[in-house]
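The next block holds one structure in the form of structure tokens; read it before the comments.
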Amino acid sequence: MKKQILAIVAMCFIVGTAWSQDIPTKRERKKNLVIKEWNTRAGSTVPYLDNVVTYDELGRKIEEIEYASYGQKKRTTYSYEGNNTKCTEQVEYNDKNKPVRIKQFEYNEDGTRKLQKNYRPNGKLESIKTFEYTYK
């Protein structure tokens, strides 16, 4: 009986492992992806572009543009160091595509966010945000 249970558990593990290898990860599914969100106002049949998110060849978000009826409302770009998956810098632009805020990030050894420095477009440091993690 013990051998049969052990054999069943082993088979479930092998099948589960093989099956999970066929399913692309969330990041893999986003490689070179562009997502466009369209809205249609009630009573209208004309859709308008609402939001566009672009991912790079590594599946990392590199740009997000939010639109309004007059055009671009806000744009945000994301930068990474090397093949790192953690965003090191985020730049927010206004509707005239002028930078309004620059955020730089530092991370702890475990990958959690440690520090966020907020800069004005002229490079002047505006504020520093620190992150504290506690578990209950």
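Taken together, the values in this text are just the output of simple stated rules run on the coordinates, not laboratory data. Because the structure is a prediction, the values reported are computed rather than measured. Cβ: placed from backbone, ideal geometry, glycine included. Neighbour counts: every protein chain shown.
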Original post:
Based on the Cβ-Cβ distance from N39 to S79, what FRET efficiency comes out when R0 is 25 Å, to the nearest 0.05?
Top reply: 0.30
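Determine the dipole magnitude for region 26-130: charges of +1 sit on the beta-carbon of Lys and Arg, -1 on that of Asp and Glu, nothing else is charged, the reference point is the Cα centre, and the result goes in debye to the nearest 20. Kindly include the intermediate steps, with their values, before the conclusion.
On the way: 23 positive and 16 negative charges, 44 e Å.
Here the size comes out at about 220 debye.
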Subject >> For E89, distant residues with modelled amide H under 5 Å away >> reply: S79, F105
**OP:** Please compute the net charge surrounding K117, taking Lys and Arg as +1 and Asp and Glu as -1 over other residues with Cβ under 12 Å from its Cβ.
**Re:** +4
**OP:** Answer with one residue from Y107, N84, T45: the one whose Cα lies farthest towards the positive end of the charge dipole of region 26-130, charges on Cβ with Lys, Arg +1 and Asp, Glu -1.
**Re:** T45
Original post:
Hey, what do the phi angles of region 123-129 turn into as Karplus ³J(HN,Hα) couplings, whole Hz, using 6.51/-1.76/1.60 and θ = phi - 60°, x for Gly and Pro?
Top reply: x, 6, 5, 9, 6, 10, 10
**OP:** Please turn the phi angles of region 85-92 into ³J(HN,Hα) values with the Karplus equation 6.51 cos²θ - 1.76 cosθ + 1.60 (θ = phi - 60°), one per residue in order, whole Hz, x for glycine and proline.
**Re:** 9, 8, 5, 9, 8, 10, 10, 9
Subject >> Across K61/K103; K26/K96; K30/K86; K26/K86; K30/K98; K103/K129, pairs whose alpha-carbon gap is larger than 22 Å >> reply: K26/K96; K30/K98
